[in-house]
Every structure is written in structure tokens, then in C-alpha cells.
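The values are calculated or read from the model by the stated rules, or taken from the named source; none is laboratory data. Computed from a predicted structure; not experimentally measured. Here Cβ is always computed from backbone atoms with ideal geometry, including for glycine, and neighbour counts include all displayed protein chains. Quick note on the areas: whole protein, heavy atoms, side chains included, nothing else; ligands and nucleic acids left out. Shrake-Rupley method; radii C 1.70, N 1.55, O 1.52, S 1.80 Å.
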Amino acid sequence: MANSGPSGCVVDRKLSEALRRALEGDANALVDISTADHLSVREAARSIGAPLIVTRVAAVSILRGLIDGRFSPAAAQAWASFVRRGFVEGTGGGPIRPIDIEFEDAWEDAISAAVSRLDEIGDMIDGEVTTGEALDLLQLLGEP
């Protein structure tokens, strides 16, 4: 279940896998990530051994999952907040050094627009993403 990471710390393989799933567009993976402390998440990210990149396909998966009910609005918001900030709020006991998460270069602006809008879910003013808005974001991401 765990092995030693590059810094000698024990890395939880389940957490590393959850991190991979989140980066591939699985908002439900945030359940495992949000229950871990931030230091463990950083170590899991480091153990992946490659840059952490949110692709166009991952952003499309989140939007489609939100539209078809596979992901709740709260799960989509948690995913967006995590990939935008590089940490889950409340999982650190002091100053937090976010993990580096990049957006696919060719689609960076469109992914950023989708992540920003999804991160507003639950906000008093902009709190709901309508199906029409999600479809508009999918078009920005090159989806018909």
C-alpha cells in the first residue's frame, strides 16, 4: 500500500493513484485527497515523477460529468479548487506550499476558464453552473 518516496518518506499508493485520477478528470478522486494531510499529498505528487498536468480531456471529463450527473456540483468545485490552487483547504497545519499543477499548454486559456468558473460553484453570486454555461465551456475546449 505504501512505499518510500524520493525524499525517504513513505508514500501512500492509494493517494498517488487518487492524484493521478484527479488530474485525468475524476472529481470523485478528491474524496481521498481531501482526507489526507497536505504533506502526504505533496509526497504523493513527488512520487509520480512527472509534471502534474491537467489536460483538455480532463477538463472536458469534469464538465461532461457535471452535466450528466456523474459528479456533483460540490465535487466539481472541489476538483477545480484543487487543480487551481495546488492544495485542499484545511489540510495543512501551517503555511502551505502548493503542489505545482499545470494546464496543457495548447489549451491553457480554455482550461483556465473552465476551472475558474467551476471553482465559483457554491458562491453566493455565481454559485450555479447551468448546462448552457457548461456547454459553452465545452465549446471553448474544442468539443462540439
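If you go through the stretch 110-144 and keep only what is free of Cβ contacts under 8 Å to residues at least 12 places away in the same chain, open to solvent by 60 Å² or more (accessible area, probe 1.4 Å) and part of a helix (DSSP H, G or I), you end up with 136, 139. Of all the residues in the stretch 56-102, those that are under 11 Å from the mean Cα position of the chain (by Cα) and buried (at least 16 other Cβ atoms within 10 Å of the Cβ) number 17. Out of everything in the stretch 44-55 that is at pLDDT 95 or above and of a type in the set (Val, Ile, Thr), what residue ends up being surrounded by the most Cβ atoms within 10 Å (Cβ to Cβ)? Filtering first and then ranking leaves 54. Do we find a residue being within 16 Å of residue 85 (Cα to Cα), in contact with a Phe, Trp or Tyr (Cβ under 6 Å, 6 or more places away or on another chain) and outside any helix (DSSP H, G or I) anywhere in the stretch 26-38? Looking for residues that are within 16 Å of residue 85 (Cα to Cα), in contact with a Phe, Trp or Tyr (Cβ under 6 Å, 6 or more places away or on another chain) and outside any helix (DSSP H, G or I), one finds none in the stretch 26-38, hence no.
Is at least one residue of the stretch 95-106 at pLDDT 95 or above and assigned to a helix (DSSP H, G or I)? Within the stretch 95-106 (the criterion being at pLDDT 95 or above and assigned to a helix (DSSP H, G or I)), the answer is yes, since at least one residue qualifies. Reported count of residues in the stretch 27-43, each being farther than 15 Å from residue 119 by Cα and open to solvent by less than 50 Å² (accessible area, probe 1.4 Å), is 9.
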